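The values are calculated or read from the model by the stated rules, or taken from the named source; none is laboratory data. Bear in mind the structure is a predicted one, so any value in this text is a computation, not a measurement. All Cβ positions, glycine included, derive from the backbone under ideal geometry; neighbour counts span all protein chains shown.
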């Protein structure tokens, strides 16, 4: 008869290293049990901490079945434990941006934990339950298909890590349906005239400059909030995007890399007036500060932006669509690879959403000329087939000469059997 075996391992956690019992169950499954925090000092460990020898003794007790509170017949890890472990993993191991971690945390606390229950054992959550959850989200109609799939993707990641760390036998989300989603490629943009209309309805001069600068440089909102005067190179006409400010903390741009964006005249004029204000004009000062020189408050900024849109008589659009406005304009002057660098995209496929805005004014002329050349080649091959490569000169000449029309308004060709009506 197969027995339970295992060993003690140490895993890094937010509060410090923790002893775990890594177990192989009798049916071949793997499981993991938390034993206690690591105590590496020579003194007596406080409550909740274990020395290495104490952790190994606790494991032996588990394997011998002497501790009735520790059942090793199946996974006991709960959904809440697995979710917290995954959040710590993406924050500390994967080094995700603070704004990304906060977004996942908000989704977990607001939606996933209330839905599946923090104390629910992982092995009790089934594919059927997850499918029912997706169907209910769709029926309620409050989330777009893409948002539904993003929520399922977070669930999938939580269970996938639980398979590796906690010995979960299978991932129930892997077999669940995803919501059909096919992006249309349409993006919201403003014309230069609409950008000016929007700016004319701004709450103050700084907001007006902010709207123009966003539309003519393509900076993200977090990058605009973190922009300092020292990031603007007036001589080289460049804006250096070095940082972003989101969720109350500063960090690198979303791509993780510093980039430079052309400082076009319209963007330069938008902030030139701000550089002459009484305060906050030093190299280290913010270009778009709050009332006391700190970072702009995001929710208030968005409210003023939506009010300006309404005042200008424009359709409701996200603030992020000002960035798309720059992308649409940029692809009309630069190759896509340059626009990718300007906008800080990690993948050229992201930049491709602007591809249909690339001007192709001469496309019809080029295609028409190609068809005319191919048509002429077809005519010559036809006469060569009838008269040989050395066919009559008058036949070849006739094929290339201007066609004559007869009294009936038809075009006479060398082959009198073919009469083509004139257009």
Legend entry - Conditions (1) surrounded by fewer than 13 Cβ atoms within 10 Å (Cβ to Cβ); (2) on the phi < 0 side of the Ramachandran plot; (3) modelled with pLDDT of 95 or more; (4) outside any helix (DSSP H, G or I); number of the one not met by residue 293: (2)
Inset, instruction - Quick one: count up the residues across the range 329-353 that are surrounded by 19 or more Cβ atoms within 10 Å (Cβ to Cβ), touching a strand residue (DSSP E or B) at 6+ places or on another chain (Cβ under 9 Å) and in a helix (DSSP H, G or I). - result: 3
Inset, instruction - Sort out which residues of the range 203-254 are in a loop (DSSP other than H, G, I, E, B), in contact with a strand residue (DSSP E or B) (Cβ under 9 Å, 6 or more places away or on another chain) and either free of Cβ contacts under 8 Å to residues at least 24 places away in the same chain or over 17 Å from residue 326 (Cβ atoms) (or both), and write them in order of number. - result: 236, 242, 243, 248, 252
Inset, instruction - Quick one: residue 173 ticks every box in (1) at pLDDT below 95; (2) part of a loop (DSSP other than H, G, I, E, B) except a single one, so which number is it? - result: (1)
Legend entry - Which numbered condition residue 76 fails, given (1) in contact with a strand residue (DSSP E or B) (Cβ under 9 Å, 6 or more places away or on another chain); (2) at pLDDT 90 or above: (2)
Inset, instruction - Confirm whether residue 188 is under 28 Å from residue 156 (Cβ atoms) and either free of Cβ contacts under 8 Å to residues at least 40 places away in the same chain or surrounded by 12 or more Cβ atoms within 10 Å (Cβ to Cβ) (or both). - result: no
Inset, instruction - Scan the range 50-60 and give yes if some residue there is at pLDDT 90 or above, touching a helix residue (DSSP H, G or I) at 6+ places or on another chain (Cβ under 8 Å) and not assigned by TED's automatic domain parsing to the domain that holds residue 152, otherwise no. - result: yes
Inset, instruction - Select from the range 105-128 the residues that are out of contact with any helix residue (DSSP H, G or I) (no Cβ under 8 Å at 6 or more places or on another chain) and surrounded by fewer than 16 Cβ atoms within 10 Å (Cβ to Cβ) and write down the one among them that is nearest to residue 174 (Cα to Cα). - result: 127
Legend entry - Hits in the range 77-97 - residues which are at negative phi and surrounded by fewer than 15 Cβ atoms within 10 Å (Cβ to Cβ): 92, 93, 94
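Go through the range 6-58 and give me each residue that's assigned to a loop (DSSP other than H, G, I, E, B) and in contact (Cβ under 8 Å) with a residue 60 or more places away in the chain.
Of everything in the range 6-58, those that are assigned to a loop (DSSP other than H, G, I, E, B) and in contact (Cβ under 8 Å) with a residue 60 or more places away in the chain turn out to be 14, 25, 29.
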Inset, instruction - Please find, within the range 255-265, the residue that is surrounded by the most Cβ atoms within 10 Å (Cβ to Cβ) out of those that are part of a loop (DSSP other than H, G, I, E, B) and touching a helix residue (DSSP H, G or I) at 6+ places or on another chain (Cβ under 8 Å). - result: 263
Legend entry - Test for residue 283: is it at pLDDT 95 or above and outside any loop (DSSP other than H, G, I, E, B): no
